[in-house]
1. Filter region 168-177 for residues that are surrounded by 20 or more Cβ atoms within 10 Å (Cβ to Cβ) and at negative phi and give the result.
2. Scan region 168-203 for residues that are part of a loop (DSSP other than H, G, I, E, B), within 21 Å of residue 118 (Cα to Cα) and of a type in the set (S, T, N, Q) and report the count.
3. Inside region 150-167, can you point out the residues that are hydrophobic (A, V, I, L, M, F, W, C), surrounded by 15 or more Cβ atoms within 10 Å (Cβ to Cβ) and more than 17 Å from residue 117 (Cα to Cα)?
4. Would region 112-121 turn up any residue that is surrounded by fewer than 17 Cβ atoms within 10 Å (Cβ to Cβ), small (Gly, Ala, Ser) and out of contact with any Asp or Glu (no Cβ under 9 Å at 6 or more places or on another chain)?
5. Find the residue count for region 141-166, including only residues that are within 20 Å of the chain's Cα centre (by Cα) and part of a loop (DSSP other than H, G, I, E, B).
6. Tell me, yes or no, whether region 80-90 has at least one residue that is over 29 Å from residue 207 (Cα atoms), free of Cβ contacts under 8 Å to residues at least 60 places away in the same chain and not basic (Lys, Arg).
7. Could you check, for region 204-212, whether at least one of its residues is part of a helix (DSSP H, G or I) and either farther than 19 Å from residue 135 by Cβ or touching a Gly at 6+ places or on another chain (Cβ under 9 Å) (or both)?
Amino acid sequence: MVLAAGLGTRMRPLTDDRPKALVEVQGRALIDHVLDRLVEAGIEKAVVNVHWFADRLEGHLARRTAPRIVISDERDELLETGGGLKKAHPLLGGAPVFVANIDSVWTDKGDALGDLVRLWDPTKMDAALLLARREGAIGFEGDGDFFLRDDGGLAFRGAADSAPYAYMGVHITRPGYADNGPDGPFSLSPLWRKSAAEGRLFGCVLDGDWMHVGDPQARDQAEAKLAQEG
C-alpha cells in the first residue's frame, strides 16, 4: 500500500496545483520513485490512497504499466495512516503488505526491501520497519525515533534526548493490523507504541542514503544528492 492522500502542506507552493505524490525529484514523481522500488522488490499490485488532487494522481497512475494499481478513494475524508490502512484492507487481501510513504527517496548499497522481507516473522512481529541512521539523512531534522536491539526489536526514543534511528517511511505489516482502530482518521503511531511495549515491533537499517522529501528545500537537497551519486 502506498500512502499518497496527504495534503502536502509543508511542500507548498509545489503542491498548490498537484498532490505531493506528483512533486518531482530529478524529473520523476515522488510516487514513481516509491513504486519503482516496489516493482524491483517483486511487487505486482499496489493499493494507492488518494485525496488531494485525486483525479490528477489517478490519471498519472493510469499511465504506469507496473505494478497494477488499485485506488483506495479518500476523497470524502482524509483518514491518516491508520485509517487509510483500515479502509484499504478489503483491497489488500490476506497476505503481509508493504506500507510505504511517498516522501522518501533513497540510494541502496544493498537490498533494503529484501532485508525487510527476510526480517519479517508474523509469529513474533506486528510490524517490521525500515530505518535510516539519523546522522547524514537529508531533510530529517528530528531527534530520531527508535533504539534498535541486537535481535532487531525496536524501542521508542521516549524521554531520551535523541535516538540513532529514524523511521524512513516503509514497513511490512498484516493488512488487518489497523482494523481495530477507531472509525475515521487515526495514526498508526499508537498501534506501533502498543506493539513495541509488547515486544512485537522490529526493524532493520538501510545501507545507503535516505532523503526525506518533506518540503521544497529538502526536494532541492535530494536532487543535488542524487546528481552527486550520478
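Coordinate-derived values only; no laboratory data. What you see is a predicted model, and the numbers here were worked out from it, not measured in a lab. Heads up, the Cβs are rebuilt from the backbone with ideal geometry, glycines too, and the neighbour counts pull from every protein chain shown.
1. 168, 170, 171, 172, 173, 175, 177
2. Residues meeting the conditions: 0.
3. Passing the criteria: 155, 156, 163, 166.
4. Looking through region 112-121, at least one residue is surrounded by fewer than 17 Cβ atoms within 10 Å (Cβ to Cβ), small (Gly, Ala, Ser) and out of contact with any Asp or Glu (no Cβ under 9 Å at 6 or more places or on another chain).
5. Number of matching residues: 9.
6. Yes, some residue in region 80-90 is over 29 Å from residue 207 (Cα atoms), free of Cβ contacts under 8 Å to residues at least 60 places away in the same chain and not basic (Lys, Arg).
7. So far as region 204-212 goes, no, none of its residues is part of a helix (DSSP H, G or I) and either farther than 19 Å from residue 135 by Cβ or touching a Gly at 6+ places or on another chain (Cβ under 9 Å) (or both).
Here is a yes/no grid of residues against (1) touching a residue at least 12 places away in the same chain (Cβ under 8 Å); (2) among the hydroxyl-bearing types (Ser, Thr, Tyr); (3) within 14 Å of residue 2 (Cβ to Cβ):
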{"site": "46", "(1), (2), (3)": "yes, no, yes"}
{"site": "51", "(1), (2), (3)": "yes, no, yes"}
{"site": "58", "(1), (2), (3)": "yes, no, yes"}
{"site": "98", "(1), (2), (3)": "yes, no, yes"}
{"site": "104", "(1), (2), (3)": "yes, yes, yes"}
{"site": "110", "(1), (2), (3)": "yes, no, no"}
{"site": "125", "(1), (2), (3)": "yes, no, no"}
